[in-house]
1. Tell me which label goes with the value of P(r) over Cα pairs in 10 Å bins from 0, in percent computed from the coordinates here: [x] 10, 37, 39, 14, 1; [y] 9, 30, 28, 18, 10, 4, 2, 0; [z] 9, 36, 33, 15, 6, 1.
2. Between E73 and residues 5 or more places away or on another chain, which pairs have amide H atoms under 5 Å apart, with H built 1.01 Å from N, and which residues are they?
3. Can you tally the net charge around E84? Count Lys and Arg as +1, Asp and Glu as -1, for every other residue whose Cβ sits under 13 Å from the Cβ of E84.
4. Can you figure out the FRET efficiency of V19 with D136, using R₀ = 25 Å and their beta-carbon distance, to the nearest 0.05?
5. Per DSSP H run of at least 4 residues, take -39500 (n - 2.57); add these up for the chain, divide by its residues and hand me the 222 nm value, nearest 500 deg cm²/dmol.
Amino acid sequence: MITLPEPPRLVPPTAAVRVSYLTGEQADCVLDGRSADWLGPASEDFEGHAAARRGVLTRWGVPSSIYWYVAGEHYLGTLVIRHELTPELAVAGGHIGYRVVTAWRRQGHATRMLASGLVEARRLGLARVLLTCHPDNEPSRRVILANGGQPDQTLDEELRFWIDTHPLP
């Protein structure tokens, strides 16, 4: 296991993690059998790639904020907060989505990343957030439960969980 230079934290997308981001995302594309074609343009103008993901963006038809989970020059994953829910997101997707790149999985990063994401959700005015995962995704289910997820109904084969964000001190 690599010793990180500092504790990981959520930050707006940054060019400071260029190499780690590109290698982590490329490895995941290969492992998942997904196209990595998007990485070519991202690598040619990585500052532009990161800048295009900063701020409040409209994605999935709702205002959304993207954060990268980083430690020094190491990119560990991405967390997205959707500020609102559409009927579709209320079934699958929810308010928060997260992903840790394969090389950093099974080290507790997703649990800590989601905990930090709940703080950000509260700052955005979300007192209660919905998270969803597929029943086969046991690691994600454990991450959600570890962060206070309360099971709700299952819709379209998606497990649904509500988490109350805690008031800021």
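1. [x]
2. none
3. Values: positive: R59, R82, R128; negative: E88.
Net charge in that neighbourhood comes out at +2.
4. Details: r = 32 Å, r/R0 = 1.30.
Using R0 = 25 Å, I get an efficiency of 0.15.
5. Details: 6 runs with 56 residues, N = 169.
So the helix-based figure for the chain works out to -9500 deg cm²/dmol.
Quick note: the coordinates plus some simple rules give every number you see, no bench work behind them. Every value quoted in this text rests on a predicted model; they were computed, and no experiment measured them. When we count neighbours, we look across all protein chains shown, and the Cβ atoms used for this are built from the backbone with ideal geometry, even at glycine.
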